Amino acid sequence: MTEPKRGIVLGGGWAGMLAAHVLARHLESVTVVERDVLPDGPRHRKGSPQARHVHVLWSSGARIVDALLPGTIDRLLGAGARRVGFHEDLVTLTSHGWQHRFPPRQYAIMCTRPFLDWIVRDQILAAGRISVRSRAEILDLAGDGKRVAGAQVRDMDTGALETLEADLVVDASGRGSRLRHWLSALELPPVEEDIVDAGIAYATRVFRAPPGATTGFPAVNVAADHRVREPGRFGVVYPQEDGTWMVTLSCTRGAGLPTHDDDFLPYARTLRHPLVADLITLAEPLTSVAVSRVGANRRLYPERLDTWPEGLLVLGDALAAFNPIYGHGMSAAARGAAALDAELQRSGYDPARTRRVQQAVSAVVDDPWIMAASKDVEYVNCRTNVTDPRLTGGAVARQRFSDLISDRAIRASAVCDVVTDVISLAAPQSELATSRFLSLMQQDRPLPELTAPPLRPEELALVDLNPRSTVAGRPS
């Protein structure tokens, strides 16, 4: 067995830093190659435009990060990030109605993406075992179709070209990855790719929350109803680490997204319920509208190639990117890093086993992939180019079963627990097809349907809203 000494990670974002941290546990040297200059604080950077919109780190991903970097979650919470218990600390209008606020089964960490990236990156780089090559553009992979031996990079300031040699190269360069081009240059066949594109677009503003509202008021999520067969419109109000609300409005293809400040509130009033609009009417806007239109679900299948070069792995958004509205991207990347770590711990790294390691990394993105893709494919005007048989056949029966589960989960506590475990990636999606869960669907007695958002009087008082017909109190 050959023990590799040098590793290169292409991309210094969330997935790249976690991958670099894992490699540093097993290799002698690790270099991260990044186009941007990584900020030394919680600031935005050009290479991460999606960071201006809401992000959540599900509890499954948070546990992985905390296992790789002990104390990270406590550090995040200590610096102001909010731990939101699902569904106690969240008011959600689902496609099937208002979700009862059952005691929390899982949670999500809510904070700005630059803040989250910085807290994690700062800990990873503080150990001094990883070097960063900033302002460096990856041009090609070095080597051939049998063995990747490094990467050719260009200094973006001087134009100088250099080949960085490595025993292992990890592509974590995100949605903009040029992996298919690089493999073509090595005379390898195209990697199969599935795309489910509902035309998701996002518009976000940051507001100053009323005093106490970021800790004493629940997060809010108003979703679209895919069953009405018209473009979907969504809105969320999520607490951030600095006492603000981040409000993201989004839509699928065919619904006009607000791109100007004056259009933001009127668009919020077109959602299925006025709660988001009511909240931001009372809050002071701190930023103008930030817009992004990159939200397609895209998955590569490197594990399907008959020949996969030794010394090359791909993970994070470069492997599988999801509609951000489901909040799975960061947790899926963490799962990929954990799978990589497990493979390296199991028997070290032999270049001849690269394909097996890639198979393990690819396997852990399957659940978030099928959850996001099967949901988005139901929206009108969705464009698909897929080979996954779960997305090409049986759509009516699959959607009917999904609707049945969704309708029961918002009103039945035990069913909701299982569904939340699956959505948070704490349990496999296959759990929803077990006899155990199907029996639970029959036995768990549902509560009455909610006709208004389940906000409590003290919560309404925080944001100066009238009770109207709002339902308050805990479910019994």
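The values are calculated or read from the model by the stated rules, or taken from the named source; none is laboratory data. Please read all numbers here as calculations on a predicted model, not as lab measurements. We place every Cβ from the backbone using ideal geometry, glycine too, and count neighbours over all the protein chains shown. Surface accessibility is based on the protein's heavy atoms, side chains included, excluding ligands, DNA and RNA. Shrake-Rupley method; radii C 1.70, N 1.55, O 1.52, S 1.80 Å.
Using every pair of distinct Cα positions in the stretch 313-407, the Kirkwood expression returns a hydrodynamic radius of 15.0 angstrom. Rounded to the nearest 10 degrees, the inclination of helix 366-376 to the longest alpha-carbon principal axis of the chain is 50 degrees. In plain terms, the C-alpha convex hull of the stretch 376-476 casts an average shadow of 9.5 nm² when viewed from every direction. For GluC sites (Glu not before Pro), the sites in the stretch 135-188 that DSSP calls loop and that have at most 16 other Cβ atoms within 10 Å are Glu187. The residues packed around Ala352, meaning those with a beta-carbon under 11 Å from its beta-carbon, carry a net charge of +3 if Lys and Arg are +1 and Asp and Glu are -1. Net charge dipole, the chain: roughly 640 debye, given to the nearest 20, about the Cα centre with Cβ charges of +1 for Lys and Arg and -1 for Asp and Glu. The alpha carbon radius of gyration of the stretch 66-125, expressed as a multiple of 2.2 N^0.38 Å, is 1.37. What FRET efficiency do you get for Asp403 and Asp366 if R0 is 35 Å and r is their Cβ-Cβ distance, rounded to the nearest 0.05? E(calc), rounded to 0.05, equals 0.95.
Ordering Leu312, Val22, Gly80 by the projection of their Cα atoms onto the charge dipole of the chain, which places +1 on the Cβ of Lys and Arg and -1 on the Cβ of Asp and Glu, puts Gly80 at the extreme positive end.
With an 8 Å Cα cut-off and a minimum separation of 6 or more residues, compute the relative contact order for the chain in percent. Relative contact order comes out at 20 percent. For the stretch 328-476, averaging the sequence separation of C-alpha pairs within contact (under 8 Å, six or more residues apart) and dividing by the residue count gives a relative contact order of 15 percent. A 1.4 Å probe over all protein chains sorts His26, His100 by accessible area into His26, His100, starting with the largest.
Partner lysines whose Cα lies under 27 Å from the Cα of Lys5, excluding those fewer than 8 positions away in the same chain, are identified as Lys146. Across the alpha-carbon set of the stretch 249-379, the Rg to Rh ratio works out to 1.14, Rh being the Kirkwood radius.
Just so you know, the Cα atoms of the stretch 102-230 work out to an Rg and Dmax of 21.9, 60 Å. A dipole drawn for the chain from +1 and -1 charges on Cβ atoms has a positive end, and of Val377, Ser173, Met441 the residue lying farthest that way is Met441. Note on the stretch 189-286: the C-alpha convex hull projects to 8.6 nm² when averaged across all orientations. For the stretch 30-161, a simple Cβ point-charge model (Lys and Arg +1, Asp and Glu -1, everything else neutral) yields a dipole of about 180 debye relative to the Cα centre.
The charge dipole of the stretch 348-476, taken about the Cα centre with unit charges on the Cβ atoms of Lys, Arg (+1) and Asp, Glu (-1), comes to about 300 debye, rounded to the nearest 20.
On the stretch 207-281, 49 percent of the accessible area sits on carbon and sulfur atoms, based on a 1.4 Å probe. Protein heavy-atom accessible surface, 1.4 Å probe, per residue over the chain: 41 Å². Relative to one another, the C-alpha centroids of the stretch 254-328 and the stretch 147-226 are positioned 12 Å apart. On a per residue basis, the convex hull of the C-alpha atoms belonging to the chain measures out at 146 Å³. Size estimate for the stretch 337-382 follows the Kirkwood approach: the inverse of mean 1/r over distinct Cα pairs works out to 12.4 Å. With the dipole of the stretch 236-287 worked out from charges on the C-beta (+1 for Lys and Arg, -1 for Asp and Glu) around the Cα centre, which of Thr248, Phe264, Pro274 lies farthest toward the positive end? Comparing the listed Cα positions along the dipole, Pro274 ranks first. Relative contact order of the stretch 300-383: 38 percent, from C-alpha pairs under 8 Å at least 6 residues apart in sequence.
Counting charges near Gln152 (Lys, Arg +1; Asp, Glu -1) among other residues having Cβ under 10 Å from its Cβ returns a value of -2. Surface composition of the stretch 298-436: carbon and sulfur atoms hold 51% of the protein heavy-atom accessible area at a 1.4 Å probe.
Judged by the ratio a/c of the largest to the smallest principal axis of the C-alpha gyration tensor, the stretch 1-73 counts as oblate, that ratio being 1.5 or greater while a/b is no larger than b/c.
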